[in-house]
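What follows is a short report on a single structure.
The values are calculated or read from the model by the stated rules, or taken from the named source; none is laboratory data. Please read all numbers here as calculations on a predicted model, not as lab measurements. Every residue, glycine among them, receives a Cβ derived from its backbone with ideal geometry; neighbour counts consider all protein chains shown.
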Amino acid sequence: MIDLGTAIAACRFLHDASLMLLWGGSAFLCLLVPDALADRVWRMFAGASIVTALIAGLSALTSLPLAAAAIGNGWSDAVDADTIRAVLLDTTIGRAWSAQAGAALILLTALPLSPRWRRPGVMLGSGLGLAALVLTGHASMHAGLLALAHRSNDMLHVLAGGGWLGALVPLIAILRLLTQPEHRAEAALALRRFSTAGHLAVALVILSGIVNTMLVLKRLPTDWSSPYQALLALKIALVMGMSLLAIVNRYVFVPRIAKDRARALTAIRLGSIAEIALGIAAIALVAAFGMLEPA
């Protein structure tokens, strides 16, 4: 049987990654992309969006029995009704799960709605799901105003990070549409808006990440003998790699679009795909070291 810790980390990864991709993609299409172009791009990813939303919902549902198993006596308590009820009603984890379940319900309810309401519904459900992640975790090590500040900073971190990562997926499709004359003007506008919002998202991810590290460790992660610090340092390196790729895309390849459109767009697409890969790897690391004692 699979190790319980591995199962919890895998569930956390699937849940966090799916919510971030849905939040960033839907927020980008709702807020920054012209409606006609947003409708076309959404249709391109309709099937993937449904699968991702189902993963978010199923991972939210699965996390409660996994928490019951972790708090109780192992896998047998994952299906024990009394243990699950106690975790749900009497623990912080249970209250956080209730918020996650509510967000997942909003997300899944939005899928069959008309296109006018589907994207805002997905944005709301996934955004609330990400915000609810801060109800558990290392912010619980503080109390009072410091706990509130820590949770607020964590919320900013996951929303900004998800906005950055998730928006890259529809951006790749928009870059392809930039070569089509009938979509060029709207695609160029969406690209400019992404560039502006991207600067803010990257800055917020880096700044909130620094604040979170100081709140948890009170210093930089430099002790390689600590699994928590080693994995955190690797996550920071991945985010720095994403930031470098974003800078190269914006300040090296975007200006080259006017001179050599095909090669510049290919380079930007490849850079964006690399950013997504690094972002997914960073989420996997957080799913793992988020369960460790910060030492």
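Remarks
- Inside the range 77-134, residues that are farther than 22 Å from Ala287 by Cβ and aromatic (Phe, Trp, Tyr) make up a count of 1.
- Here the range 158-201 is the region considered, the condition is being closer than 16 Å to Val41 by Cα and of a type in the set (Val, Ile, Thr), and the residue that is farthest from the chain's Cα centre (by Cα) is Thr179.
- Here the condition is being in contact with a Leu (Cβ under 8 Å, 6 or more places away or on another chain), at pLDDT 90 or above and farther than 21 Å from His15 by Cβ; of Thr196, Thr213, Thr179, it holds for Thr213 alone.
- The set of residues from the range 52-70 being more than 17 Å from Gly102 (Cβ to Cβ), more than 20 Å from the chain's Cα centre (by Cα) and aliphatic (A, V, I, L, M) comprises Leu66, Ala68, Ala69, Ala70.
- Residues satisfying the stated conditions in the range 196-218, i.e. small (Gly, Ala, Ser) and surrounded by 15 or more Cβ atoms within 10 Å (Cβ to Cβ): Ala197, Gly198, Ala201, Ser208, Gly209
- Of all residues in the range 71-86, those being more than 27 Å from the chain's Cα centre (by Cα), small (Gly, Ala, Ser) and part of a helix (DSSP H, G or I) number 3.
- Scanning the range 87-98 for residues that are touching a residue at least 12 places away in the same chain (Cβ under 8 Å), more than 23 Å from Leu29 (Cα to Cα), assigned to a helix (DSSP H, G or I) and of a type in the set (D, E, K, R) turns up at least one hit.
- None of Asp3, Asp16, Asp39, Asp35 is acidic (Asp, Glu) and crowded, with 17+ Cβ neighbours inside 10 Å except Asp16.
- Residue that is modelled with the highest pLDDT [pool: residues in the range 99-136 that are polar (S, T, N, Q) and not in a helix (DSSP H, G or I)]: Ser114
- Matching option when the condition is closer than 30 Å to Ser63 by Cα and either among the small types (Gly, Ala, Ser) or in a helix (DSSP H, G or I) (or both), among Ala264, Ala277, Ala246, Ala203: Ala277
Condition check ((1) surrounded by fewer than 17 Cβ atoms within 10 Å (Cβ to Cβ); (2) touching a residue at least 40 places away in the same chain (Cβ under 8 Å); (3) part of a helix (DSSP H, G or I); (4) not hydroxyl-bearing (Ser, Thr, Tyr)) across all residues:
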site: Pro181; (1), (2), (3), (4): yes, no, no, yes
site: Glu186; (1), (2), (3), (4): no, yes, yes, yes
site: Arg192; (1), (2), (3), (4): yes, no, yes, yes
site: Leu220; (1), (2), (3), (4): yes, no, no, yes
site: Ser225; (1), (2), (3), (4): yes, no, no, no
site: Leu234; (1), (2), (3), (4): yes, yes, yes, yes
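- Members of the range 150-179 that are without any contact (Cβ under 8 Å) to a residue 40 or more places away in the chain and small (Gly, Ala, Ser): Ser152
- Of all residue pairs spaced 6 or more apart or on separate chains, those with beta-carbon atoms under 9 Å, a first member in the range 251-266 that is closer than 16 Å to Gly198 by Cα and a second member that is surrounded by fewer than 13 Cβ atoms within 10 Å (Cβ to Cβ) and among the basic types (Lys, Arg) are Phe253/Arg263.
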